[in-house]
Amino acid sequence: MSLSTESQAKIDRELTKYPPEHRQAAVMSALRIAQTEKGWLSKETIAEVADYLGIPAIAALEVATFYNMYELEPVGKYKITVCTNISCMLRDSAEIVTHLEKKLGIGFNETTADGQFTLKEGECMGCCGGAPLFHINNTQMHEYLTPEKVDQILEGLDK
Amino acid sequence: MLNVEIDGKQVEVENGSTIIDAADQLGIAIPRFCYHKKLSVAANCRMCLVQVEKFNKPLPACATPVADGMKIFTRSKAAVEAQQSVMEFLLINHPLDCPICDQGGECDLQDIAVAYGAPASRYTEEKRVVLNKNIGPLVSTDMTRCIQCTRCVRFLKEVGGMMELGLINRGEHAEITAYVDKSVDSELSGNIIDLCPVGALTSKPFRYTARSWELTRRPSIAPHDGLGSHIEVHIKDGKVLRVLPREKETINECWLSDRDRFSYEGLNSPDRLKVPMVKHNGVWHETDWKTALELAAGQIKDIVNSEGGDVLGVLVSPNSTMEEAYLATRLAHGLGSDNVDYRLRHTDFRHDGKRLGVIWMGCNIPDLQEMDRILVIGGNLRNEHPLLAQRIRRAVANGAELSVVNPLDDDPLIPIKHKAICSPNDMVNVLSQILKAVSGMERLSLCLPKSLNDLLEKVRVWDNSKAIALSLTGHGETMDLISPRSAVFLGNISQHHPRYTEIFSLAEAIASLCGATFGVLSAGANSVGANLVGAMPKAGGLNARTMLESPRKAYMLVNVEPEFDCHNPRLASNALQQAECVVALTAYKSESLERDADIMLPITPFTETSGTFMSMEGRVQSFTAVTKALGEARPGWKVLRVLGNLTGVSDFDFDSTEQVKNDIFGGEKPSTVVWRTLNNNLRELIDVEIKVKLDSDLQRVGEIPQFQTDAIVRRSTPLQKTRQVVKAVLAALHPEQMQKLGIQEGERILVRQGSGSAVLAAHADSRVPHGCVRIPGALSATASLGELLGEITVERIPAEQPAGEVIA
Amino acid sequence: MSATQTLVCLRTVGQDNPASLATYLKLGGYAQLQKLVTEKVKATEIISQVKLSGLRGRGGAGFPTGLKWSFMPRYFDGTKYLVCNTDEGEPGTFKDRDIIRYNPHQLIEGMAIAAYTLGARVGYNYIHGEIWQDYEIFEAALEEARAAGFLGENLFGTGFSFDLYAVHGYGAYICGEETALIESIEGKKGQPRFKPPFPASYGVFGKPTNVNNTESYTSIPWIMEHGGQAFQELGVANSGGSKIFSISGHVDKPGNYEVNMGIPFAELLALAGGVWKGRQLKAVIPGGPSTAVLPAAAIIGATMDYDGLSKAGSSLGAGSMIVMDETTCMVKTLKRLSYFFFEESCGQCTPCREGTGWLYRVIKRIVDGQGRLEDLDLLTDVSSNISGRTICALGDAAATPVLSFIKHFRPEFEYYIRHGRSMVEDGLAAQSQAQQEVAYA
């Protein structure tokens, strides 16, 4: 239910970056840390983060719903976010998307029945030189994708 | 000062003004949605774009500061094009549901669309739909109509003090919502209805009852607290359908508390007494006015004639008009009784005869937000005076320091600089400490009288008391002020306090040593007015407390529901039950009046009578009836007049409230009399005892919840449905206190005050200090208890004893 | 790396462990900071060198950095802040990522010099949330710098203190706008603030704040080492210095190329290996989608600098060059870009919140074969109505692609509307290309 002490310690470390009277400043990190622990941000988790920082829950919800890397619904163990923006589109991100859709049997914003994978469409990730690309769980960037490379990456993941 | 030109007209404006300020000053209308003079500037709706010379882009008038010599064009081609394009964008996703929208006819979007909109839309794509939110019983939502101006969000955050609404998601999906299923609980929540420029937020109680153009609008004065807010009552077919604020910058600004806005629903309550009633052999009978008045006058007259005037007690509500209080007092005097009082919830009257004038707030309402240092003693501002709380909130946002001495640690949604939270009894000690600390400040040359010095000698000053003293005298933590504007105020809890006079004396002494304003934030709409007309015992008469402690033979109740309005409901009902005759002038029937009274005379509430209220700042405000009386109800002043005539009181022929008012002020201008009369000084100091040992280990902290203050509010269904209204009345104790007493959370416990008792669920609440039990007053569940701040005992109920045998 | 590159901001690229402190120190890193701080060089002298360098904001706006620095109040009772904008979300922009992952210490040194100059006590580098691994590289670099005494209290025993922290976005393009970024640092939605007041007087936590782009700060140590004049001379008039161009899309070797300002477009394209697969160049977005697209004929002779691209009818932006070959359907490309601005609008201002969705829906309808010829005028009109009427530049950015795509490729749009199909996909790419060349002949 509540955040682990590890997560709380991480949030505390983020808080040291800001003046003590501006605890809200840490909400971006705190929500990320909570999401990393829980997999997604339930309303309870958001309220808990808000509580931890001493800010109104609605202020945390505003942030959680504004930035699109926060997940407000449960996602699979591996969330694959494929960039389809112009530079990736020009280098055929559509082929990567089709390949993933076929391979996983899901479309964007869907999760495989076994709860392993969720597919998301992303906006520009600022790595356009490596197009086409995706990142997994908001943390691991994979560039210069081809269908073969996608297969290798997926096989390399712990099931 | 800066000189600017708008549409060819010159205007001089203050430095820091925006274009919209300057235009408003000139009376040039610039359309706007998000801008509101009382809120921070968002500049997001873009409706107020205007052309400014030398700028290639249109600028938002609301956010653009003027510069000297600036030339502004609000109706140029560029400006109008910009405004029209914004209007088009606003309308593409706005539903065309004006015919079923409550805002229709008073909608900013509708009005501005007529002026700036195109006849047909170029938008042929699908429109946005937004789910409605349930944010409580007062405000209805139609979120598809929302134009995301965020006025509501900013109001609750900036004026209400708590961010209860937010704009979640982004872009086209942005929507206003509370957190998940939370309601908006601000005591000022109704203002977001007025602020909403479209029909997204409308009044839930008013919903679908009338179109705005069908309503007759009449001015009046809010009757529930001492602020004297200006209201506009909207009526259709003789029925009050809603209440809105009338803008009065120096009183309520453009706001209203929810209590003032939604109480009107109580006016239409089925409890309203429509015909006079008399009790005969324990059975109530409807009767005509003549019979009822003659019976009432006859019975009182008989009792007074046979036993003397002193057997009559007259209790007048502090929410009754000056005219009613005056006539009730004159009637009592005419019948030979000095037993008249309006201070129904007070318990300590030791400074009667020692006051130099009429007690008031000591300053004007707008002065509040100009203060640098404020000390509030015994008051829960949001509960008692929501709009004053808002002004203090603004003062603090501008750098003022707020300190409190209170028996409850409730969050005023204002940052508190220093606080002393202690039991009611300890408040006197704390104030002595503050006084001692203040008198010890080096910069003060004033000395206290020897008697007080001797008294204070033994007092040990705690750190927080010292900090409060330092703050008041200008030694702030962040900023030292040579001569701070300071104020010391007493709230309702102080006024109901069993040691009110000591608190008053100490607070007055503290204030005078600091050069601070000192005042009392009076509870009733006409507390100050009732004081001015002398609705109190003059010499040796009985006060609101003693006339119940020594039961009278006859009582006259003016607009009073004793079980809720008196300081000790148990004592009140005992006294009334012993009386031979109780005449109740009341707008409502109630179980307790039916039990305790003998004659009920239906009087009209404030909407159906003319009259005058005098606010806490001494403002005399007369109003007229806004609708006709319900049933056979008659204005209280007329009923009192006839009772006076029937009992033979001399010089009692008044044909109008103006005549009564004229009599009150002796033909002088009210302000002349008021100016002469208001005075918070005492003729002599009240004896203060620093440490008073109570018999019980526990003291009750009984405040009056904001939606229980008077008979009208208590009958407003929407207000009673709000979250502030406690569904199950709890006895709240500090968690450690509970542990010490071995009481579990939720456990039903027996609380006793004198001969009264109640069984209530226990609740741990760290806002309650040690040695206290928080049990609110003016509720049925606590009507069997005694004084609001009296001593109390708590007992666990043995498991085997069925709770039903105990009086609940 | 090609010989024609000038490595100022990417000078550690090609070294072993490029991001390490050791590598940076080997290249003379932190010497400028130490020199300026210990010799107590006057702020005015530093600012005048920055002004002389001709360095202009590398985030896209191109505002002269030295001038911006001079706006910071000299005397202020309280904390002043320094903010670095590493929130690259403009499609086609990925230069700052390479700075923080290959040369983080030069950025840190640049920020520390700026902090010294402007009297800022605390700094934040706000990094795009999507490049998490690079965020961690930068965090590690900060740790190294702190441990080595280049950040923290009383640096070099001079009493100068500067704390620098990494903070991150989490998926919002708008936070690349400096006031939205400041809001985000404060833990709020990234909704841009109305200006004035500018960050120099009311920035992070309401305090005076200087915000620059990553590449701008990273240029500072080089400018301090070689002098403002030398930096200016790398480039051309009005566009001093070197510049990293991020080249993506239909080129053979996409990536970052740091070259001198004023390089001819053709040379830069050649550096990136030219148009891929031997195809013809159709169009280029030279500075990210918020800059106008240019047909091949319009850009082929242009130089890559502020004035050169302005002359060609677009702008340099952040130097994010998106290259499109002859097979590109401009209607579908515009649809994707419009979706991007619709998706990324913060929702604050009416024209952008309502208008971006309107634009996207109309273009989508065209792509879905339901277009109407009058839609093109409508799109132009709606775009013009958004442009210049919002708090921040996202409104203008959303309008630019629509206006420029329709302006330069109108026949392709008309074809799509008439036939319900893409001209390019109908095998008429050559025809499309020919029309453009005629237009620019």
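Considering the range B:464-515 alone, what residues qualify as being surrounded by fewer than 18 Cβ atoms within 10 Å (Cβ to Cβ) and on the phi > 0 side of the Ramachandran plot?
Answer for the range B:464-515, where residues must be surrounded by fewer than 18 Cβ atoms within 10 Å (Cβ to Cβ) and on the phi > 0 side of the Ramachandran plot: just B:Gly515.
B:Met87 - would you say it is part of a loop (DSSP other than H, G, I, E, B) and under 28 Å from C:Tyr360 (Cα atoms)?
Here the answer is no, as B:Met87 does not meet what is asked.
Taking C:Ser310 as the residue in question, decide whether it is closer than 30 Å to C:Phe265 by Cα, assigned to a helix (DSSP H, G or I) and not acidic (Asp, Glu).
Spelling it out, C:Ser310 is indeed closer than 30 Å to C:Phe265 by Cα, assigned to a helix (DSSP H, G or I) and not acidic (Asp, Glu).
Would you confirm, using the coordinates I've provided, whether C:Tyr135 is within 12 Å of chain A (Cβ to nearest Cβ), under 27 Å from A:Pro20 (Cβ atoms) and part of a loop (DSSP other than H, G, I, E, B)? Give the derivation first.
On the way: within 12 Å of chain A (Cβ to nearest Cβ): yes; under 27 Å from A:Pro20 (Cβ atoms): yes; part of a loop (DSSP other than H, G, I, E, B): no.
Answer is no for this residue.
The rows are residues; the columns are (1) touching a Lys or Arg at 6+ places or on another chain (Cβ under 9 Å); (2) assigned to a strand (DSSP E or B); (3) surrounded by fewer than 15 Cβ atoms within 10 Å (Cβ to Cβ).
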position	(1), (2), (3)
B:Phe707	yes, no, no
B:Leu719	yes, no, no
B:Glu736	no, no, yes
B:Ala758	yes, yes, no
B:Ala781	no, no, no
B:Leu785	yes, no, no
B:Val794	yes, yes, no
B:Pro798	no, no, yes
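With respect to C:Tyr165, determine if the residue is within 13 Å of another protein chain (Cβ to nearest Cβ), aromatic (Phe, Trp, Tyr) and farther than 20 Å from C:Ala112 by Cα.
no
Quick test for you: out of C:Phe156, C:Phe162, C:Phe138, pick the one residue that is touching a helix residue (DSSP H, G or I) at 6+ places or on another chain (Cβ under 7 Å) and surrounded by fewer than 18 Cβ atoms within 10 Å (Cβ to Cβ).
C:Phe156
Identify all residues within the range B:151-160 that are surrounded by 24 or more Cβ atoms within 10 Å (Cβ to Cβ) and either small (Gly, Ala, Ser) or touching a strand residue (DSSP E or B) at 6+ places or on another chain (Cβ under 7 Å) (or both); write none if there are none.
Those that are surrounded by 24 or more Cβ atoms within 10 Å (Cβ to Cβ) and either small (Gly, Ala, Ser) or touching a strand residue (DSSP E or B) at 6+ places or on another chain (Cβ under 7 Å) (or both): B:Cys152, B:Gly160.
Restricting attention to the range B:99-136, which residues are outside any loop (DSSP other than H, G, I, E, B), within 14 Å of chain C (Cβ to nearest Cβ) and among the hydrophobic types (A, V, I, L, M, F, W, C)?
Here is the first cut: in the range B:99-136, the residues outside any loop (DSSP other than H, G, I, E, B) are B:99-100, B:108-116.
From what's left, within 14 Å of chain C (Cβ to nearest Cβ): B:108-109, B:112-113, B:116.
B:Leu109, B:Ile112, B:Ala113 - these are the residues of the range B:99-136 that are outside any loop (DSSP other than H, G, I, E, B), within 14 Å of chain C (Cβ to nearest Cβ) and among the hydrophobic types (A, V, I, L, M, F, W, C).
If C:Glu45 meets every condition in (1) assigned to a loop (DSSP other than H, G, I, E, B); (2) over 30 Å from A:Cys124 (Cβ atoms); (3) without any contact (Cβ under 8 Å) to a residue 40 or more places away in the chain apart from one, which number is that one?
(1)
Only one of these is out of contact with any strand residue (DSSP E or B) (no Cβ under 7 Å at 6 or more places or on another chain) and of a type in the set (A, V, I, L, M): C:Leu309, C:Leu281, C:Leu268, C:Leu294. Name it. Can you show your working first?
On the way: C:Leu281 fails: out of contact with any strand residue (DSSP E or B) (no Cβ under 7 Å at 6 or more places or on another chain); C:Leu268 fails: out of contact with any strand residue (DSSP E or B) (no Cβ under 7 Å at 6 or more places or on another chain); C:Leu294 fails: out of contact with any strand residue (DSSP E or B) (no Cβ under 7 Å at 6 or more places or on another chain).
Exactly one of C:Leu309, C:Leu281, C:Leu268, C:Leu294 is out of contact with any strand residue (DSSP E or B) (no Cβ under 7 Å at 6 or more places or on another chain) and of a type in the set (A, V, I, L, M), namely C:Leu309.
Show me the helices (runs of 4 or more DSSP H) entirely contained within the range B:466-569 in which 2 or more residues are acidic (Asp, Glu). Working first, answer last.
Values: elements: B:492-495, B:500-514, B:527-532, B:546-549, B:562-565.
Correct list: B:500-514, B:562-565.
Just to verify a result, which residue in the range C:246-284, among those that are surrounded by fewer than 24 Cβ atoms within 10 Å (Cβ to Cβ) and touching a Gly at 6+ places or on another chain (Cβ under 6 Å), is farthest from the other protein chains (Cβ to nearest Cβ)?
Filtering first and then ranking leaves C:Gly262.
Could you grab me the full set of residues in the range B:62-82 that are among the small types (Gly, Ala, Ser), within 12 Å of another protein chain (Cβ to nearest Cβ) and not in a helix (DSSP H, G or I)? Don't jump to the end; show me each part of the working.
Pass one, the range B:62-82, residues among the small types (Gly, Ala, Ser): B:63, B:67, B:69, B:76, B:78-79, B:82.
Pick out the ones that are also within 12 Å of another protein chain (Cβ to nearest Cβ) and you get B:63, B:67, B:78-79, B:82.
If the condition is that a residue be among the small types (Gly, Ala, Ser), within 12 Å of another protein chain (Cβ to nearest Cβ) and not in a helix (DSSP H, G or I), then B:Ala63, B:Ala67 are the ones that fit.
If you take the residues in the range A:116-157 that are aliphatic (A, V, I, L, M) and in a loop (DSSP other than H, G, I, E, B), which one is farthest from the other protein chains (Cβ to nearest Cβ)?
Initially, the range A:116-157 is screened for residues aliphatic (A, V, I, L, M), giving A:119, A:125, A:131, A:133, A:136, A:141, A:145, A:150, A:153-154, A:157.
Keeping just the survivors that are in a loop (DSSP other than H, G, I, E, B) gives A:125, A:131, A:133, A:145, A:157.
Working: A:Met125: 4, A:Ala131: 6, A:Leu133: 10, A:Leu145: 13, A:Leu157: 16 Å.
Looking at the filtered set, the residue picked out is A:Leu157.
From the list C:Ser314, C:Ser290, pick out the single residue that is at pLDDT below 95, under 24 Å from C:Val402 (Cα atoms), surrounded by 22 or more Cβ atoms within 10 Å (Cβ to Cβ) and of a type outside the set (Val, Ile, Thr).
Step by step, each of C:Ser314, C:Ser290 is checked, and only C:Ser290 is at pLDDT below 95, under 24 Å from C:Val402 (Cα atoms), surrounded by 22 or more Cβ atoms within 10 Å (Cβ to Cβ) and of a type outside the set (Val, Ile, Thr).
If you take the residues in the range A:16-46 that are at the interface with another protein chain (Cβ under 7 Å from one of its Cβ atoms) and outside any helix (DSSP H, G or I), which one is farthest from the chain's Cα centre (by Cα)?
That would be A:Pro19.
Within the range C:426-434, does at least one residue satisfy the condition of being of a type in the set (A, V, I, L, M) and modelled with pLDDT of 95 or more?
So far as the range C:426-434 goes, no, none of its residues is of a type in the set (A, V, I, L, M) and modelled with pLDDT of 95 or more.
Provide a single number: the residues in the range C:91-107 that are charged (D, E, K, R), facing chain A (nearest Cβ under 8 Å) and in contact with a strand residue (DSSP E or B) (Cβ under 6 Å, 6 or more places away or on another chain).
Total meeting the criteria: 1.
Restricting attention to the range A:82-94, does a residue exist that is over 29 Å from A:Glu48 (Cα atoms), more than 11 Å from chain C (Cβ to nearest Cβ), surrounded by fewer than 21 Cβ atoms within 10 Å (Cβ to Cβ) and among the β-branched types (Val, Ile, Thr)?
no
Determine which single condition B:Val52 fails, assuming it passes every other condition in (1) of a type outside the set (Ser, Thr, Tyr); (2) surrounded by fewer than 21 Cβ atoms within 10 Å (Cβ to Cβ); (3) in contact with a helix residue (DSSP H, G or I) (Cβ under 8 Å, 6 or more places away or on another chain).
B:Val52 satisfies every listed condition except (2).
State whether one or more residues within the range B:375-386 are in contact with a Gly (Cβ under 6 Å, 6 or more places away or on another chain), outside the structural domain of B:Ser486 (by the TED database) and either part of a strand (DSSP E or B) or crowded, with 21+ Cβ neighbours inside 10 Å (or both).
no
Quick check on my filter: what residues within the range A:47-78 are out of contact with any strand residue (DSSP E or B) (no Cβ under 6 Å at 6 or more places or on another chain), facing another protein chain (nearest Cβ under 7 Å), under 25 Å from C:Gly176 (Cα atoms) and not in a loop (DSSP other than H, G, I, E, B)?
A:Ala59, A:Val63, A:Phe66
Can you tell me which residue within the range C:321-347, out of those that are among the polar types (S, T, N, Q) and under 23 Å from the mean Cα position of the chain (by Cα), is farthest from the other protein chains (Cβ to nearest Cβ)?
Only one residue tops the list, namely C:Ser338.
The values are calculated or read from the model by the stated rules, or taken from the named source; none is laboratory data. Since the model is a prediction, treat every value here as computed from it, not as a measurement. Counting neighbours? That spans all protein chains shown, and the Cβs are built from the backbone with ideal geometry, glycine included.
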